[in-house]
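Each remark here refers to the structure printed beneath this line.
The values are calculated or read from the model by the stated rules, or taken from the named source; none is laboratory data. Since the structure is predicted, the reported quantities are computational estimates derived from the model, not experimental observations. Neighbour counts are summed over all protein chains in view; Cβ atoms, including those assigned to glycine, are modelled from backbone coordinates with ideal geometry.
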């Protein structure tokens with residue numbers, strides 16, 4: 001008879017080597033149109049980060065025991081349930097949740113904020129900045145009947161203006177429940193927002209605050225307890241875990257009182273001809289078969305970053321960010337975007353434009369001619385990005401840093417931008433269904 005460990009998935013939520021921050025595929029070279037192959041310089045972490053090696057190992061360990069969570073009496077189902085709930089604990093520890101907070105597994109930040117938008121009390125007044133990613137903007141604009149009053153604040157010229165504007169908007173809102181929505185770090189500029197001050201203002205005005213931390217938590221630590229935030233949302237795919245997992249964590253009362261986000265199995269306690277009795281949290285808002293592997297991946301990523309030391313990782317990234325911004329400043333035709341003072345704290349995100357070159361052409365040339373991956377466009381934050389663009393530019397380029405970024409990558413990007421600014425692309429490009437491709441393209 002084969003001997004089975006008491007809990008062969010016990011290491012899944014924590015990862016086998018939680019301090020190992022290596023990334024899957026980090027050493028895979030990419031082809032250039034010139035025929036060369038180079039180390040891929042990934043500057044698109046703000047969109048989706050590569051998978052941590054510890055996450056890959058945890059998923060590999062979980063797959064042989066993969067089964068439905070919370071539903072089965074079988075050994076595999078029991079193991080999967082334990083792994084799923086350990087991952088929930090890992091997520092709670094990652095954001096320093098309070099003892100009475102709940103942690104809900106969702107599909108990502110967008111899903112988390114749509115869930116909260118469905119759970120706020122009827123007639124809730126919502127205050128949101130125009131600087132938000134669409135994930136924390138559109139759920140409130142398309143709110144249906146639950147949100148009674150919406151204030152969308154213009155771009156603030158400095159952090160203190162943001163705090164003052166939030167206070168004024170909350171005071172002007174009708175009596176009743178109120179919610180302030182704010183990003184922790186901008187996905188366009190990387191600028192860090194004064195979350196603690198905004199939380200203090202919200203609470204002083206009898207309101208609550210939800211923080212979109214999708215772009216903050218991959219770069220530095222966040223604490224629900226220390227900031228005083230009522231809710232926080234983040235995504236696994238920004239956090240070095242695969243797509244399809246995320247977290248909404250925070251206070252329980254609104255979430256417990258709301259009808260389930262999705263109606264279905266798992267959310268129900270009893271279904272009869274007379275109606276439905278819904279489960280309590282967290283099952284109430286996790287209907288359907290839970291995403292076990294997504295939860296294991298996200299929990300492992302949380303544990304890995306905590307064990308590696310988020311402060312140490314942040315310091316390393318800040319050195320690379322300074323190197324990049326100082327390098328870009330030496331290229332006269334390249335201008336980085338910012339809402340506030342140039343020295344305001346940022347995470348590893350820089351958006352910029354190049355005089356005389358469309359941003360999609362810059363992005364295409366960086367990829368095809370230099371092996372550098374960036375993002376071009378408006379970054380799902382259209383009001384903010386358009387408000388920051390200089391005259392003559394309709395879009396921007398975004399370079400975002402992560403665990404796999406090296407000084408060589410930064411220097412290669414700066415050198416490539418200098419060449420493009422001075423001489424333009426070396427290759428011809430044409431539009432192919434809305435994006436530019438090199439012609440010819442020998443890489444394929």
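Brief remarks follow.
- Test: residue in region 189-211 that is surrounded by fewer than 17 Cβ atoms within 10 Å (Cβ to Cβ) and either touching a strand residue (DSSP E or B) at 6+ places or on another chain (Cβ under 6 Å) or in contact (Cβ under 8 Å) with a residue 40 or more places away in the chain (or both): no
- Region 86-103 - residue that is assigned to a helix (DSSP H, G or I) and surrounded by fewer than 18 Cβ atoms within 10 Å (Cβ to Cβ) and, of those, farthest from the chain's Cα centre (by Cα): 89
- Residue list for region 68-85, restricted to those being over 21 Å from residue 300 (Cβ atoms) and assigned to a helix (DSSP H, G or I): 75
- Taking the listed residues 410, 414, the one that is at pLDDT 95 or above, surrounded by fewer than 22 Cβ atoms within 10 Å (Cβ to Cβ), assigned to a helix (DSSP H, G or I) and touching a helix residue (DSSP H, G or I) at 6+ places or on another chain (Cβ under 6 Å) is 414, with no other qualifying.
- Any hit, region 40-55, residues being modelled with pLDDT of 95 or more, surrounded by fewer than 20 Cβ atoms within 10 Å (Cβ to Cβ) and more than 24 Å from residue 398 (Cβ to Cβ): no
- Of residues in region 116-126 being touching a helix residue (DSSP H, G or I) at 6+ places or on another chain (Cβ under 7 Å) and more than 9 Å from residue 139 (Cβ to Cβ), the one surrounded by the fewest Cβ atoms within 10 Å (Cβ to Cβ): 121
- Screening region 305-346 for residues that are surrounded by fewer than 17 Cβ atoms within 10 Å (Cβ to Cβ) and in contact with a strand residue (DSSP E or B) (Cβ under 6 Å, 6 or more places away or on another chain) and picking the one that is farthest from residue 51 (Cα to Cα) gives 333.
- Selection of region 415-428 for residues being touching a strand residue (DSSP E or B) at 6+ places or on another chain (Cβ under 9 Å) and under 19 Å from residue 333 (Cβ atoms) yields 416, 417, 418, 420, 421, 424, 425.
- Residues in region 12-30 that are more than 25 Å from residue 311 (Cβ to Cβ) and in contact with a helix residue (DSSP H, G or I) (Cβ under 9 Å, 6 or more places away or on another chain) were compared, and the one that is modelled with the highest pLDDT is 30.
- Set side by side, the residues 182, 201, 195, 163 differ, and just one is more than 30 Å from residue 395 (Cα to Cα), modelled with pLDDT of 95 or more and in contact with a helix residue (DSSP H, G or I) (Cβ under 9 Å, 6 or more places away or on another chain), which is 201.
- Complete set of residues in region 339-385 that are touching a helix residue (DSSP H, G or I) at 6+ places or on another chain (Cβ under 8 Å) and either in a strand (DSSP E or B) or outside the structural domain of residue 402 (by TED's automatic domain parsing) (or both): 346, 350, 351, 352, 353, 354, 357, 372, 373, 375, 376, 377
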